[in-house]
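In what follows, a single structure is set out as structure tokens and then discussed.
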Amino acid sequence: MLELKKIKKQFNGRTILNNFDMQVQDNQITTIVGPSGAGKTTLLRCISGLEKIDSGSFVLDGKPFDPANNRDNDNVIGVVFQDFQLFPNLTVLDNITLAPQLVLKQSKSEAEKRAQELIDQLNLTGKEGLYPYQLSGGQKQRLAIVRALAMNPKILCYDEPTSALDPDLRQTVEDIILGLKKQNMTQIVVTHDMEFAKNIADQLVRVEPIKA
Amino acid sequence: MLHYVSQILPSLLSGAWMTIKIFFWTLIASIPLGILASLGLTSKIAPLRWILKFYVWLMRGTPLLLQLIFVFYGLPIIGIIFQRYDAALFAFILNYTAYFAEIFRGGFQAIDPGQYESARVLRLTRGQTLRKIVIPQVIKIVVPSIGNETINLIKDSSLVYVIGLGDLLRAGNVATARDVTLLPLVLVGIIYLLMTAIATYVLRKVEQHYRAWR
Ligand SMILES: Nc1ncnc2c1ncn2[C@@H]1O[C@H](COP(=O)(O)OP(=O)(O)OP(=O)(O)O)[C@@H](O)[C@H]1O
Ligand SMILES: [Mg+2]
């Protein structure tokens, strides 16, 4: 379980998150909703260590946890970015296996074997040798998910997973997220799409804008 | 005429060899130095940034010919003496590093900050991120501009003429003055064209290599 305790985050003196509390239960889907500019992306960036918090604390499985300074390969927080941020210079397979090889020190064949399982599971079979520009939006997103999963994250975070896609792909994203839940993946999903949030959520967390 | 060509060709080729040496060493040194300088230009350390900005401004704002004359004829006045060849290389490397630094700075700035972030959540180190993700993308962006400068460098190398270095142009000019014929200069032109053609071909291959992805 990940606990957020009294998290405070400011940008240039403007408070975005103030004494924010939240609990992310294992193997569940926690959705974060709220109006535009409320601080949903900021919250996700704090959880994944891309932003430093000003005060408050994180507790992961009962132990203090600093996402911004976490080098423990058993406590990876994976992120699927809104614009995916795939590596354009690497093939689908290399996008997936780069970090497991360099960071988790997996051998090339080990990393590729695991990658292939995930590729098949997320319906990217046959795309291994393509470059990101040759994929559709939905395929890009699935690659981003596979790339994050290959690092065996403890928690997988998504920022607006439906926003960059055609509306008819929303169902696919739902299916993927619910499918990963069945495999006991803990997931945090930021979205402003209430219906989507309700369809997948075990827990719904609201982030409200703070009045100046 | 063929006889005459075979007579002057050795001296032209030895001049061409000097031109190639200057071209080659300038390129080999200025590209890595340019990458380093470009990292300095975007560094958080303000004094380093100022010094490098001043250096780039100076090198790009004054003629290479002046820099060459300054190094070879000027610096000895204050006791710094270079051999002709060393003076030429020194001035060329200093000058081209500044141009390459600007080109690479633009390349680094064109990289989406999200690329660094996604590398970071995958736990790549800074060095791994630069090597595997950022530098390949930067190279793809800068290859055309680096290519232009490379072609310029072949032609600029003839400026070493003023410090009396025996390059291709000098070899041709000497023969023309001695034998009162245009032929050596025409041959010089042809050899330059050959060199730029080869460079263009190599550059096109490099560009093609990077065209596999976007
Ligand atoms: N790096 C930053 N520097 C300064 N202000 C920032 C920065 N990042 C975000 N903000 C501000 O913080 C507030 C919250 O932004 P955030 O992106 O977290 O909102 P959001 O809830 O994700 O909105 P949306 O639904 O539009 O994506 C906004 O007012 C934004 O302008
Ligand atoms: Mg957002």
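The values are calculated or read from the model by the stated rules, or taken from the named source; none is laboratory data. Nothing here was measured: the structure is a model prediction, and the numbers come from that model. Please note: Cβ atoms are built from the backbone with ideal geometry, for glycine as well, and neighbour counts cover all protein chains shown. All accessible areas refer to the heavy atoms of the entire protein, side chains included, with ligands and DNA or RNA removed. Shrake-Rupley method; radii C 1.70, N 1.55, O 1.52, S 1.80 Å.
Odds and ends about this structure:
- Of the residues contained in the range A:91-107, none is found to be surrounded by 16 or more Cβ atoms within 10 Å (Cβ to Cβ) and within 16 Å of ligand 1 (Cβ to nearest atom).
- Residue in the range A:115-137 that is of a type in the set (Val, Ile, Thr), open to solvent by less than 40 Å² (accessible area, probe 1.4 Å) and at the interface with chain B (Cβ under 10 Å from one of its Cβ atoms) present: no
- Residue in the range A:203-210 that is surrounded by fewer than 21 Cβ atoms within 10 Å (Cβ to Cβ), away from ligand 2 (no atom under 16 Å from the Cβ) and at pLDDT 95 or above present: yes
- Exactly one residue among B:GLU102, B:GLU117 is under 22 Å from B:SER157 (Cα atoms), among the acidic types (Asp, Glu) and in a helix (DSSP H, G or I), and that residue is B:GLU102.
- Single residue of the range B:162-200 satisfying the filter (surrounded by fewer than 17 Cβ atoms within 10 Å (Cβ to Cβ) and within 16 Å of B:TYR85 (Cα to Cα)) that is modelled with the lowest pLDDT: B:GLY164
- Residue list for the range A:24-41, restricted to those being outside any strand (DSSP E or B) and either within 16 Å of ligand 2 (Cβ to nearest atom) or within 14 Å of chain B (Cβ to nearest Cβ) (or both): A:GLY34, A:PRO35, A:SER36, A:GLY37, A:ALA38, A:GLY39, A:LYS40, A:THR41
- Within the range A:82-111, the set of residues being assigned to a loop (DSSP other than H, G, I, E, B), in contact with a helix residue (DSSP H, G or I) (Cβ under 6 Å, 6 or more places away or on another chain) and at the interface with chain B (Cβ under 10 Å from one of its Cβ atoms) comprises A:PHE84, A:GLN85, A:LEU86, A:PHE87, A:PRO88, A:ASN89.
- Within the range B:201-214, residues that are within 14 Å of another protein chain (Cβ to nearest Cβ) reach partners that are of a type in the set (S, T, N, Q) with beta carbons closer than 8 Å, at six or more positions or on different chains, in the pairs B:TRP213/A:ASN89.
- Any hit, the range A:73-80, residues being surrounded by fewer than 21 Cβ atoms within 10 Å (Cβ to Cβ), more than 16 Å from ligand 2 (Cβ to nearest atom) and small (Gly, Ala, Ser): no
- Filtered by the rule that a residue be within 16 Å of ligand 2 (Cβ to nearest atom) and either at pLDDT below 95 or more than 14 Å from chain B (Cβ to nearest Cβ) (or both), the range A:42-69 gives a lone residue, A:LEU43.
- Residue check for B:ILE139: at pLDDT below 95 and either in a helix (DSSP H, G or I) or under 21 Å from A:VAL103 (Cβ atoms) (or both): yes
- Residues in the range A:161-174 that are away from chain B (no Cβ under 14 Å), farther than 17 Å from A:THR186 by Cβ and within 16 Å of ligand 2 (Cβ to nearest atom): A:THR162, A:SER163, A:LEU165.
- Checking A:VAL79 against (1) within 16 Å of ligand 1 (Cβ to nearest atom); (2) within 13 Å of chain B (Cβ to nearest Cβ); (3) not in a strand (DSSP E or B), the condition it does not meet: (3)
- Taken over the range B:113-134, residues that are within 9 Å of another protein chain (Cβ to nearest Cβ) and either open to solvent by less than 30 Å² (accessible area, probe 1.4 Å) or under 19 Å from the mean Cα position of the chain (by Cα) (or both) amount to 10.
- Residues located in the range A:26-50, provided they are within 13 Å of ligand 1 (Cβ to nearest atom) and among the charged types (D, E, K, R): A:LYS40, A:ARG45
- The one condition in (1) more than 20 Å from B:LEU122 (Cα to Cα); (2) in the same structural domain as A:PHE20 (by TED's automatic domain parsing); (3) in contact (Cβ under 8 Å) with a residue 24 or more places away in the chain that A:TYR133 fails to fulfil: (2)
- Residue in the range A:140-150 that is under 18 Å from the mean Cα position of the chain (by Cα) and away from every other protein chain (no Cβ under 14 Å) present: yes
- B:GLN137 being closer than 16 Å to A:LEU90 by Cα, within 7 Å of chain A (Cβ to nearest Cβ) and surrounded by fewer than 19 Cβ atoms within 10 Å (Cβ to Cβ): no
- Count of residues meeting criterion [over 16 Å from A:ILE155 (Cβ atoms), touching a residue at least 40 places away in the same chain (Cβ under 8 Å) and part of a loop (DSSP other than H, G, I, E, B)] in the range A:177-201: 2
- Test: residue in the range B:50-62 that is surrounded by fewer than 19 Cβ atoms within 10 Å (Cβ to Cβ), among the hydrophobic types (A, V, I, L, M, F, W, C) and touching a residue at least 60 places away in the same chain (Cβ under 8 Å): no
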